[in-house]
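> Encoded as structure tokens, here's the structure I'll be asking about.
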Amino acid sequence: MTVHLRAHHLLCMLTFVGEGYTPAFTENYIRVARRLSSGEEIEVVDGPDDICAPLLSGAAAHCRNESVVARDRAAAQAVGRLLGIAVGKGTRIYPDAALLKRLRRNFALGTIRKACDECEWSELCGHVAERGFADVLVAPD
């Protein structure tokens, strides 16, 4: 199977420790984290993805806001520069140990965090990075 992720979730997955917007969102994200940890392929999508699914029932789902779309663009550019590939709709990425290590190292250094500037979770993610990504739920088995 394939995990469908919007571009900024390529960054979010690096620091996910089981906190989220709602209990349903968190439970779903934990399921997605298990899939990613098992090495399931990622396909980048535009708009809501497998992580956003529980938030789509709300009339004003934030995942459709322009600020979130801008976050996707910034993340795609940063991750693409780091990996030396164009990251966009249809890009396929395998979340193996080497990739996660490279992304986390650059996340901690701040080189791929432009997309996180206006995110309400940025402070939490910064703390996770400062603690060496302890307790993250996306990690290779």
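The values are calculated or read from the model by the stated rules, or taken from the named source; none is laboratory data. Nothing here was measured: the structure is a model prediction, and the numbers come from that model. Neighbour counts are summed over all protein chains in view; Cβ atoms, including those assigned to glycine, are modelled from backbone coordinates with ideal geometry.
> If you check every pair at least six apart or on different chains, which have Cβ atoms under 8 Å apart with a residue in the stretch 40-54 that is buried (at least 16 other Cβ atoms within 10 Å of the Cβ) first and a residue that is modelled with pLDDT under 90 and among the β-branched types (Val, Ile, Thr) second?
Close Cβ pairs (under 8 Å, with a partner that is modelled with pLDDT under 90 and among the β-branched types (Val, Ile, Thr)) amount to Pro54/Thr22.
> Among the residues of the stretch 5-28, write down those that are out of contact with any Asp or Glu (no Cβ under 7 Å at 6 or more places or on another chain), crowded, with 18+ Cβ neighbours inside 10 Å and in contact (Cβ under 8 Å) with a residue 60 or more places away in the chain.
Matches in the stretch 5-28: Leu10, Leu11, Cys12, Met13, Leu14, Thr15, Phe16.
> Is it the case that Arg35 is farther than 22 Å from Lys114 by Cβ, among the basic types (Lys, Arg), surrounded by fewer than 22 Cβ atoms within 10 Å (Cβ to Cβ) and free of Cβ contacts under 8 Å to residues at least 24 places away in the same chain? Full working, then the answer.
Values: farther than 22 Å from Lys114 by Cβ: yes; among the basic types (Lys, Arg): yes; surrounded by fewer than 22 Cβ atoms within 10 Å (Cβ to Cβ): yes; free of Cβ contacts under 8 Å to residues at least 24 places away in the same chain: no.
Spelling it out, it is not the case that Arg35 is farther than 22 Å from Lys114 by Cβ, among the basic types (Lys, Arg), surrounded by fewer than 22 Cβ atoms within 10 Å (Cβ to Cβ) and free of Cβ contacts under 8 Å to residues at least 24 places away in the same chain.
> Given (1) part of a loop (DSSP other than H, G, I, E, B); (2) at pLDDT 90 or above, where does Leu5 come up short, assuming only one miss?
The single condition Leu5 does not satisfy is (1).
> Quick check on my filter: what residues within the stretch 13-34 are polar (S, T, N, Q) and either out of contact with any Leu (no Cβ under 8 Å at 6 or more places or on another chain) or not in a loop (DSSP other than H, G, I, E, B) (or both)? Steps first, please.
So in the stretch 13-34, the residues polar (S, T, N, Q) come out as 15, 22, 26, 28.
Hits for the stretch 13-34 are Thr26, Asn28.
> Can you name every residue in the stretch 93-121 that is surrounded by 12 or more Cβ atoms within 10 Å (Cβ to Cβ) and of a type in the set (Phe, Trp, Tyr)?
Phe107, Trp121 - these are the residues of the stretch 93-121 that are surrounded by 12 or more Cβ atoms within 10 Å (Cβ to Cβ) and of a type in the set (Phe, Trp, Tyr).
> Moving on to the next point. Pairs only if they're at least six apart or on different chains, beta carbon under 6 angstrom, first in the stretch 67-89 and charged (D, E, K, R), second loosely packed, with under 14 Cβ neighbours inside 10 Å; list them, first residue then second.
Lys89/Asp46
> Let me ask another. When both residues are 6+ apart or on different chains and their Cβ atoms are under 8 Å apart, which pairs have a first residue that lies in the stretch 103-127 and is farther than 11 Å from Leu14 by Cα and modelled with pLDDT under 95, and a second that is among the hydrophobic types (A, V, I, L, M, F, W, C) and outside any helix (DSSP H, G or I)?
Close Cβ pairs (under 8 Å, with a partner that is among the hydrophobic types (A, V, I, L, M, F, W, C) and outside any helix (DSSP H, G or I)) amount to Ala115/Ala7.
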